[in-house]
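Structure first, commentary second.
The values are calculated or read from the model by the stated rules, or taken from the named source; none is laboratory data. For clarity, every value in this text was computed on a predicted model and none was experimentally measured. Counting neighbours? That spans all protein chains shown, and the Cβs are built from the backbone with ideal geometry, glycine included. Ligands, DNA and RNA are stripped out before the accessible areas are found, and what is left, the full protein with its side chains, is counted by its heavy atoms. Shrake-Rupley method; radii C 1.70, N 1.55, O 1.52, S 1.80 Å.
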Amino acid sequence: MIKRITLFVVLSIISIVPALSAAENLDRGVVAILTTNNDVFISWRLLAKDSPDVSFNILRYKKLDSKPEVITKKAIADSCNYVDKSGSADMYYVVQAISNGRALNTSKPVKATSSSGNYISIKLNGDYVAQKVGIADFDGDGRLDYLIKQPDFNTDPYQQPGYWKKSEVTYKLEAYNNDGKFMWQYDMGWAIEAGIWYSPIVVYDLNGDGKAEIFCKAGEGDPREPTGHVKSGPEYLAVLDGMTGKVIKRIDWPSRDGFEDYNYYCRNLLGIAYLDGKRPHLVVERGTYTIIKIQTYDPALNPFWYWEASGEYKNYRGQGMHGMHAADIDEDGKDEIIIGSAVIDDNGKGIWNTRLGHPDSCYVADIDPQRPGLEIFYGIEPGRKSNTVCLVEAKTGKMIWGSPEITVHVHGQGMVGDIDPQHPGMECYAGEAKGGSNYWLYSAKGERLSNQSLGELDPKSVWWLDGDTKVYIVKNRIYLYPRKELGRIEGRIVAIADCIGDWREEVITSLKGEIRIYSTTVPTNKRKTCLMQDRLYRTDVAMQTMGYFHPPQVCGKLLPDLK
């Protein structure tokens, strides 16, 4: 009861703050899934532009050319899902929005899936396995499409036996529309080695025309040495048209100059940040372990500002993570760039630096809703006497709590998510490898809840059920904390996003010759605005296609939409 009262107070306070929304113009995202009970579960988006009194009717077509029937006895006002007990896989469904007693708009008809496996399958243009999946609207119809990078081969620049491998093939980017239709293929070429640090990608509508572009690293020809290494030749930021895959612009990539060796200059990242608080900007980053270079661009791809971990910022060297986050940590409406254990302001100036070193785990979210602002959870890779697993205040970098143990090597992406409803806020998890054997599960307040492994170093937390408690996925099994198995999925998880249906998240997996979009079929009487319209969440989703995989988080300002 104490938790519920406190959460109500927090939500009341947050509700006076407007949501920081992303700019995509999304449709209803209707999905109809045949369940294992042979019912049809229909789910759709609540949009940020919807009025508070919006409700929904469901129309069913036995055939597209037949007269539809309204299957809801009254308009649905408390959720964005419905179970059709009389439905089947050959039927079509339409969602109609209603406000003030009149119909506002009607979605396009969606056919129920024929699979009872809680997923939608997109067949690939070959029997390869996708390594990364990007999500954006390429054709401007309000539906999210899919970009894949294939094949699922990776080599790491670290030059020790067993890490680096000569590239066997070139990476290809492929676009598929929302219906699964193949659109185009782009060959990244031999100048881009087949590893995630050589081939960062983001897909986003940067210029605001309603159609997303693809941004990736590019080179020229075949500059490989006899060993297979690429150590010379021009390097570019390439911009691809989302509809055709054609290169529409090339800009020089931050140079290799100043880096000690191949391992360090082959670490490349891309990101999206709303640096002026209104429009998305592109962030190009080189370096993680030593020097770090960042060049940003405005929506027209004009240089915005450049920052480097040298000179007055030389103590920012080595503070990078294997990814990037963009969030408004100081609540001025503009995004800052979280490069890892340090933060760069929207104007290209350093804000704070913990000097803790390179974090393997790094998440930005409203982890403790009883504290003002956002927090950052870290799992710092280099061994230390204490505080390698810690929570800091996002606005200042001030440590809130830290683990007292000596560590050897905190490894993997860890996890944050409200998996335990007995404790307010999110739980934070990290573990060790390569000589270490500790595991940590902390509450948002820093209470040690467990010293046992959850099953792997980087489980994925997902909104899946009928409330705010998340499930977590270990390999292919879905669990309710502490260890109740709820179901299984197939394939390797390559993306998590609220890309279809209501506010619960989809889990996208890659298998030979297909990707699957797993979606919940658990009814709920709660509704929230589509998570993809939360700015932190949307940019986190965009940055899943480069670096290591970090599930997206919300800034907390969408919580008032919960009913």
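Within segment 80-87, is even one residue charged (D, E, K, R) and closer than 19 Å to Arg143 by Cβ?
Within segment 80-87, none of the residues are charged (D, E, K, R) and closer than 19 Å to Arg143 by Cβ.
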### Residues within segment 454-484 that are assigned to a loop (DSSP other than H, G, I, E, B), among the hydrophobic types (A, V, I, L, M, F, W, C) and either over 15 Å from Thr524 (Cβ atoms) or in contact with a Pro (Cβ under 9 Å, 6 or more places away or on another chain) (or both), tallied
2
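Let's see how each residue does on (1) touching a residue at least 24 places away in the same chain (Cβ under 8 Å); (2) surrounded by fewer than 24 Cβ atoms within 10 Å (Cβ to Cβ); (3) among the basic types (Lys, Arg); (4) not in a loop (DSSP other than H, G, I, E, B):
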| site | (1), (2), (3), (4) |
| --- | --- |
| Ala326 | yes, no, no, yes |
| Ile337 | yes, no, no, yes |
| Trp352 | yes, yes, no, yes |
| Arg371 | yes, yes, yes, no |
| Trp401 | yes, yes, no, yes |
### Message
Every residue in segment 299-311 that is among the small types (Gly, Ala, Ser) and surrounded by fewer than 23 Cβ atoms within 10 Å (Cβ to Cβ), please.
### Response
Ala300, Ser310, Gly311
### Task
Given the conditions (1) in contact with a His (Cβ under 9 Å, 6 or more places away or on another chain); (2) surrounded by fewer than 23 Cβ atoms within 10 Å (Cβ to Cβ), report the number of the one that Gln544 does not fulfil.
(2)
### Query
Exactly one of (1) open to solvent by less than 10 Å² (accessible area, probe 1.4 Å); (2) at positive phi; (3) assigned to a loop (DSSP other than H, G, I, E, B) is unmet by Asn387. Its number?
(1)
### Task
Can you tell me which residue among Gly446, Gly455, Gly435 is at pLDDT below 95 and open to solvent by 20 Å² or more (accessible area, probe 1.4 Å)?
Gly435
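Out of the residues in segment 214-245 that are among the hydroxyl-bearing types (Ser, Thr, Tyr) and out of contact with any strand residue (DSSP E or B) (no Cβ under 9 Å at 6 or more places or on another chain), which is farthest from Gly189 (Cα to Cα)?
Ranking the candidates gives Thr227 first.
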### Query
If you take the residues in segment 354-367 that are among the small types (Gly, Ala, Ser) and assigned to a strand (DSSP E or B), which one is farthest from Pro459 (Cα to Cα)?
Ala365
### Test set (1) touching a Leu at 6+ places or on another chain (Cβ under 8 Å); (2) modelled with pLDDT of 85 or more; (3) buried (at least 19 other Cβ atoms within 10 Å of the Cβ) - Leu20 fails condition number
(2)
### Task
Could you grab me the full set of residues in segment 84-104 that are in a loop (DSSP other than H, G, I, E, B) and of a type in the set (Gly, Ala, Ser)?
Ser86, Gly87, Ser88, Ala89, Gly101
### Message
Tell me the residue from Asp252, Asp261 that is in contact with a Phe, Trp or Tyr (Cβ under 9 Å, 6 or more places away or on another chain) and either modelled with pLDDT under 95 or not hydroxyl-bearing (Ser, Thr, Tyr) (or both), please.
### Response
Asp252
### Query
Residues in segment 488-508: is at least one assigned to a strand (DSSP E or B) and more than 23 Å from Tyr363 (Cβ to Cβ)?
yes
#### Entry: Residue match in segment 418-426 (condition: among the hydrophobic types (A, V, I, L, M, F, W, C) and assigned to a strand (DSSP E or B))
no
### Query
How many residues does segment 56-83 contain that are surrounded by fewer than 19 Cβ atoms within 10 Å (Cβ to Cβ), outside any loop (DSSP other than H, G, I, E, B) and not β-branched (Val, Ile, Thr)?
3
### Message
Quick check on my filter: what residues within segment 277-293 are farther than 23 Å from Asp330 by Cα and touching a residue at least 60 places away in the same chain (Cβ under 8 Å)?
### Response
Thr288, Tyr289
### Query
Do you know which residues across segment 243-294 are among the basic types (Lys, Arg) and in a strand (DSSP E or B)?
Lys249, Arg250, Arg286, Lys293
### Query
Residue check, Lys314 against (1) open to solvent by 10 Å² or more (accessible area, probe 1.4 Å); (2) in contact with a Pro (Cβ under 7 Å, 6 or more places away or on another chain); (3) closer than 22 Å to Thr354 by Cα, all met but one. Which one?
(2)
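Residues are listed down the side, and each one gets a yes or a no for (1) surrounded by 13 or more Cβ atoms within 10 Å (Cβ to Cβ); (2) not basic (Lys, Arg):
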site	(1), (2)
Arg224	yes, no
His229	yes, yes
Ser232	no, yes
Glu235	yes, yes
Arg256	yes, no
Leu269	yes, yes
#### Entry: Residue ID - surrounded by the fewest Cβ atoms within 10 Å (Cβ to Cβ), chosen from residues in segment 129-144 that are in contact with a Gly (Cβ under 8 Å, 6 or more places away or on another chain) and either closer than 17 Å to Gly245 by Cβ or charged (D, E, K, R) (or both)
Gly140
### Task
Please note which strands (runs of 3 or more DSSP E) are completely contained in segment 165-222 and include at least 3 residues that are buried (at least 20 other Cβ atoms within 10 Å of the Cβ).
172-176, 201-204, 213-218
## Note on the structure
When restricted to Glu405, Glu336, Glu393, the only residue under 22 Å from the mean Cα position of the chain (by Cα) and under 30 Å from Pro482 (Cβ atoms) is Glu393
### Query
Quick check: is even one residue across segment 523-531 buried (at least 24 other Cβ atoms within 10 Å of the Cβ), under 16 Å from the mean Cα position of the chain (by Cα) and farther than 18 Å from Val110 by Cβ?
yes
